[in-house]
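*Asks:* Handing you this structure, nothing more for now.
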Amino acid sequence: MKIIVAIKQVPDRDAPVRIDAAGKWIDEANLEFAMNESDAYALEEALQLKEKNGGEVVVLCAGPERVGPTVREALAKGADRAIHVEANDLATRDALGVARLLAAAIAPENPDLVLTGLQSDDIGSGQTGVILAELLNRAHCTLVLSVETIGGGIPVSRIKVKRELEDGWSQHIELPLPAVLTIQSGGNKLRYATLMGIKKAKTKEMKALTAGELGVDAAAVLTLERVTLPQKQKSTQMLGGTAKEAAAALAEKLKFEVRVI
């Protein structure tokens, strides 16, 4: 069973974020980077499937040279090899453009299963994995918490997934392979890279590809015009009167101003 896991390197959650001079993206100078959280859970799901069913886990990452440590972290945790799509213009590519890059790198591998995180911690559009499934013409499912194979045959032909719904509900779905899944955070306990794993990662294959070699251009259908930081403002309102009057006033504001009820 060959599983490809698409991971993304994003700014560390505790890193101080500043907008660049052009206002088009964040200033990446002096930033610390880490593996996207839901991608880490996708990697963990793939490693557990490999441990149960055998096969190979291949890590796929698009980005500049700085993504190297994040890719090696995935190899240290247990991935067998990696593919690095060298792209210094990732911030200018929309979800379709990134998905095209990944799809071009994935197609020759012909994997049984492709896993991505549900969404990235920086953009958070939650579209790349779904578009990737469409480009590869494969069955797909989103918000997946766990995956198990059906039957004991080799090769595996079907899987059963548990996906998260609203209000604590979940849904179980059977899918044929090959398939693409987007993984939700929290489904498993993440493992740490061992010292032996870190040593082995240095000898594992990391194949480098460029967008030019893949024949994928950077033309975007969605343009990011401006990036801004959230505005901090004080907007506390004190509701007077009796408890009944205050409750009525609060309900009115929630219904007509905030529009949540």
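*Asks:* Please give, to one decimal in nm, the separation of the simple spin-label points placed at Thr194 and Ile19, each 7 Å out from Cα toward the Cβ.
*Replies:* 4.8
*Asks:* Sorted from largest to smallest, which semi-axis lengths in Å does the alpha carbon gyration tensor of the range 30-104 give for its equivalent ellipsoid, taking the root of 5 times each eigenvalue?
*Replies:* Those come to 23, 15, 11 Å.
*Asks:* Counting other C-beta atoms within 10 Å, which of Cys141, Cys61 has the fewest, and how do the rest follow?
*Replies:* Cys141, Cys61
*Asks:* Kirkwood Rh over alpha-carbon pairs of the range 61-215, then Stokes-Einstein at 10 °C and 1.306 mPa s: what D in µm² s⁻¹, rounded to an integer?
*Replies:* 94
*Asks:* A further question on this structure: For each of Val59, Val216, count neighbouring Cβ atoms within 10 Å of the residue's Cβ, then give the residues from fewest to most.
*Replies:* Val216, Val59
*Asks:* Taking Cα centroids, how far is the range 183-202 from the range 1-50 in Å?
*Replies:* 15
*Asks:* With springs only between Cα atoms under 10 Å apart, run a GNM on the chain and tell me which of Ala107, Ala179, Ala74 wobbles the most.
*Replies:* Its mean-square fluctuation being the largest, the pick is Ala107.
*Asks:* Whole-Hz Karplus ³J(HN,Hα) for the range 48-61, in order, using 6.51 cos²θ - 1.76 cosθ + 1.60 and θ = phi - 60°, x for Gly and Pro?
*Replies:* 3J(HN,Hα) across the range 48-61, in whole Hz: 5, 5, 4, 5, 7, 10, x, x, 9, 10, 10, 8, 10, 9.
*Asks:* Send over the per residue convex hull volume for the range 206-261, Cα only, as a whole number of Å³.
*Replies:* Convex hull volume per residue, Cα atoms: 234 Å³.
*Asks:* Another question, if that's okay. Using only alpha carbons, build the gyration tensor for the range 123-240 and give me the equivalent ellipsoid semi-axes, biggest first, whole Å.
*Replies:* 34, 26, 21
*Asks:* What's the longest uninterrupted piece of the chain once you rule out the chymotrypsin sites (Phe, Trp or Tyr not before Pro) that are loop residues per DSSP with at most 10 other Cβ within 10 Å?
*Replies:* Result for the longest clean stretch: 1-168.
*Asks:* Grab the beta carbon distance between Asn110 and Asp217, set R0 = 22 Å, and tell me the FRET efficiency rounded to 0.05.
*Replies:* The computed FRET efficiency comes out at 0.40.
*Asks:* For every helix of n ≥ 4 consecutive DSSP H residues, a contribution of -39,500 (n - 2.57) applies; sum these over the chain, divide by its total residues, and give [θ] at 222 nm rounded to the nearest 500 deg cm²/dmol.
*Replies:* Roughly -8500 deg cm²/dmol at 222 nm, from the helical runs in the chain.
*Asks:* At q = 0.09, 0.16 Å⁻¹, work out log10 I(q)/I(0) for the chain with the Debye formula, treating every Cα as an identical point scatterer and leaving solvent out; two decimals please.
*Replies:* Ignoring solvent entirely, the Cα scatterers give -0.48, -1.20.
*Asks:* Rounded, prolate or oblate: which fits the range 158-214, taking a ≥ b ≥ c as square roots of the Cα gyration tensor eigenvalues, rounded meaning a/c under 1.5, else prolate when a/b beats b/c?
*Replies:* Because a/c hits 1.5 or more and a/b fails to exceed b/c, the range 158-214 counts as oblate.
*Asks:* Related question: How about the range 10-111: which GluC sites (Glu not before Pro) there lie in a loop by DSSP and see at most 15 other Cβ atoms within 10 Å?
*Replies:* Glu28, Glu32
Readers should treat all values here as calculations from the given coordinates under stated rules, not as data from a laboratory. Since we're looking at a predicted model, the values are computed, not measured. Positions of Cβ are backbone-derived with ideal geometry, glycine not excepted, and every protein chain shown enters the neighbour counts.
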